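Colleague: Sharing a structure, written as structure tokens. Questions coming.
The values are calculated or read from the model by the stated rules, or taken from the named source; none is laboratory data. Please read these numbers as outputs of a predicted model, since none were measured by experiment. For neighbour counting, all protein chains shown are included, and Cβ atoms are generated from backbone atoms with ideal geometry for every residue, glycine included. When the accessible area is computed, the model is the full protein with side chains, heavy atoms only, and any ligands, DNA or RNA have been set aside. Shrake-Rupley method; radii C 1.70, N 1.55, O 1.52, S 1.80 Å.
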Amino acid sequence: MSDQALDTATSADPVHAFIGKTVSEHDVVLFMKGTPDAPRCGFSSLAVQILDHVGAPFVGVDVLQDDGLRDGIKAFTDWPTIPQLYVKGEFVGGSDIVREMFQAGELTALMVEKGVPLGEA
């Protein structure tokens, strides 16, 4: 989706505008249940552990703080589950996809390809 199309799609809905702004302002964003320090579901915990392992700095957004955000992120991506990972504004996938990409070495490769600075794993 182009930036202009994204702006048009999100301007009418404040939740979608927040999501769009968040993913555009941060290299790596994880919409999750809970926070990176205190995940509130196993899938979110797994995604945090993987991101920490690859050394990717990321912003965690707790969807449990707001029902509109929890529903809005699912509509924004047309993806039914949480967590949801974004890298450089692009939706990557949920916990299973993140795990599979990590196991195949593809997640680190994606981060490098997109220019995400990786710290010590």
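Colleague: Of the residues in segment 1-26, how many are modelled with pLDDT of 55 or more and β-branched (Val, Ile, Thr)?
Modeller: 4
Colleague: Conditions first: (1) open to solvent by 40 Å² or more (accessible area, probe 1.4 Å); (2) aliphatic (A, V, I, L, M); (3) part of a helix (DSSP H, G or I). LEU118 passes all but one, so which condition is the exception?
Modeller: The failed condition is (3).
Colleague: Specify the residue that is farthest from LEU30 (Cα to Cα); the eligible residues are those in segment 70-90 that are surrounded by 19 or more Cβ atoms within 10 Å (Cβ to Cβ) and of a type outside the set (Gly, Ala, Ser). Lay out the reasoning, then the answer.
Modeller: Kept after step one, since they are surrounded by 19 or more Cβ atoms within 10 Å (Cβ to Cβ), are these residues of segment 70-90: 72-73, 76, 82-87.
The next check asks that each one be of a type outside the set (Gly, Ala, Ser); those that pass are 73, 76, 82-87.
Working: ILE73: 11, PHE76: 14, ILE82: 9, PRO83: 7, GLN84: 6, LEU85: 5, TYR86: 6, VAL87: 9 Å.
Applying the filter and picking the extreme gives PHE76.
Colleague: Please determine whether any residue of segment 102-110 is open to solvent by 70 Å² or more (accessible area, probe 1.4 Å) and not in a helix (DSSP H, G or I). Show your work before the answer.
Modeller: Going residue by residue through segment 102-110, those that are open to solvent by 70 Å² or more (accessible area, probe 1.4 Å) are 103, 106.
After this cut, where a residue has to be not in a helix (DSSP H, G or I) as well, the list is none.
Looking through segment 102-110, none of the residues is open to solvent by 70 Å² or more (accessible area, probe 1.4 Å) and not in a helix (DSSP H, G or I).
Colleague: Can you name every residue in segment 92-101 that is open to solvent by less than 70 Å² (accessible area, probe 1.4 Å) and either touching a residue at least 60 places away in the same chain (Cβ under 8 Å) or outside any strand (DSSP E or B) (or both)? First the steps, then the outcome.
Modeller: In the first step, residues of segment 92-101 are kept if they are open to solvent by less than 70 Å² (accessible area, probe 1.4 Å); the result is 92-95, 97-98, 101.
Once the filter is applied, which keeps residues that are open to solvent by less than 70 Å² (accessible area, probe 1.4 Å) and either touching a residue at least 60 places away in the same chain (Cβ under 8 Å) or outside any strand (DSSP E or B) (or both), segment 92-101 yields GLY94, SER95, ILE97, VAL98, MET101.
Colleague: Taking the conditions exactly as written (on the phi < 0 side of the Ramachandran plot, among the small types (Gly, Ala, Ser) and touching a helix residue (DSSP H, G or I) at 6+ places or on another chain (Cβ under 9 Å)), does GLY55 satisfy them or not? So that I can check it myself, show each step before the final result.
Modeller: On the way: on the phi < 0 side of the Ramachandran plot: no; among the small types (Gly, Ala, Ser): yes; touching a helix residue (DSSP H, G or I) at 6+ places or on another chain (Cβ under 9 Å): yes.
Considered against the rule, which asks whether it is on the phi < 0 side of the Ramachandran plot, among the small types (Gly, Ala, Ser) and touching a helix residue (DSSP H, G or I) at 6+ places or on another chain (Cβ under 9 Å), GLY55 comes out as no.
Colleague: Which members of segment 12-63 meet the condition of being exposed (fewer than 15 other Cβ atoms within 10 Å of the Cβ), basic (Lys, Arg) and either part of a strand (DSSP E or B) or in contact with a strand residue (DSSP E or B) (Cβ under 9 Å, 6 or more places away or on another chain) (or both)?
Modeller: Once the filter is applied, which keeps residues that are exposed (fewer than 15 other Cβ atoms within 10 Å of the Cβ), basic (Lys, Arg) and either part of a strand (DSSP E or B) or in contact with a strand residue (DSSP E or B) (Cβ under 9 Å, 6 or more places away or on another chain) (or both), segment 12-63 yields only ARG40.
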